[in-house]
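What follows is one structure encoded as structure tokens, with my remarks underneath.
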Amino acid sequence: MERILVSACLMGRRVRYDGGAKTSGDARLARWREEGRLVPFCPEVEGGLPIPRPAAEIEPGASGADVLAGRARVLAADGSDVTAEFVRGARAALDAARAAGARLAVLKEGSPSCGSLSIYDGTFGGGRVAGHGVTTALLEQHGIRVFSESRLDDAAAHLRTLEPGHPAAL
């Protein structure tokens, strides 16, 4: 059975920067959870950041890949540099995915860790830009496909390519 790395906040865990969750009510995630496919994970917490914590964003004009390459930083709203924690969390997420045999991830959109379509623009003004978070960038670099919670149709379609004919992938 194909395992799926999933943002812990989507599973109701109160791990977000503000101490909250972003619980998904999607039936596919619920079914995949019942089947034992899901591997809940929060890279920011696993990287050593507390709950709650100041909001963080990747520097303006940069992406998760830039952070991994050492060309950009992740800064918290209080001005502190949390790059090391974000990179450590991304590596821990990759390790967790590999340990579970996951080739697919469903991660929280917009996050400087987990964003797969967009991330906040680095100004702490609420603006977004196209790009990947640090964890998404690392997972994708290692062949693990990442989908946001708004792209579960695409995630399910990819799951079908990984498990052709398996009814649970539908």
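For this structure, a couple of remarks:
- Residues of region 53-95 that turn out to be open to solvent by less than 30 Å² (accessible area, probe 1.4 Å), under 16 Å from Gly122 (Cα atoms), aliphatic (A, V, I, L, M) and in contact with a helix residue (DSSP H, G or I) (Cβ under 8 Å, 6 or more places away or on another chain), as a count: 5
- Condition met for Gly122 (touching a residue at least 60 places away in the same chain (Cβ under 8 Å), out of contact with any strand residue (DSSP E or B) (no Cβ under 9 Å at 6 or more places or on another chain) and either of a type in the set (Gly, Ala, Ser) or open to solvent by less than 40 Å² (accessible area, probe 1.4 Å) (or both)): no
- Residues of region 21-45 that turn out to be more than 16 Å from the chain's Cα centre (by Cα) and not acidic (Asp, Glu), as a count: 9
- Within region 21-38, residues that are touching a residue at least 40 places away in the same chain (Cβ under 8 Å) and closer than 14 Å to Asp153 by Cα reach partners that are in a helix (DSSP H, G or I) and open to solvent by 60 Å² or more (accessible area, probe 1.4 Å) with beta carbons closer than 9 Å, at six or more positions or on different chains, in the pairs Arg28/Asp153.
- Note on region 16-29: residues that are in a helix (DSSP H, G or I) and open to solvent by 30 Å² or more (accessible area, probe 1.4 Å) total 2.
- Test: residue in region 100-115 that is β-branched (Val, Ile, Thr), on the phi < 0 side of the Ramachandran plot and at pLDDT 95 or above: yes
- Top-ranked residue of region 53-83 - restricted to ones that are in contact (Cβ under 8 Å) with a residue 12 or more places away in the chain and assigned to a helix (DSSP H, G or I), ranked as farthest from Leu117 (Cα to Cα): Thr83
- When Trp32 is tested against the conditions (1) in a helix (DSSP H, G or I); (2) surrounded by fewer than 22 Cβ atoms within 10 Å (Cβ to Cβ); (3) touching a strand residue (DSSP E or B) at 6+ places or on another chain (Cβ under 7 Å), the lone failure is (2).
The values are calculated or read from the model by the stated rules, or taken from the named source; none is laboratory data. Since we're looking at a predicted model, the values are computed, not measured. Cβ sites come from the backbone with ideal geometry, for glycine too, and all protein chains shown count toward neighbours. Note: areas computed on protein heavy atoms with side chains; ligands, DNA, RNA excluded. Shrake-Rupley method; radii C 1.70, N 1.55, O 1.52, S 1.80 Å.
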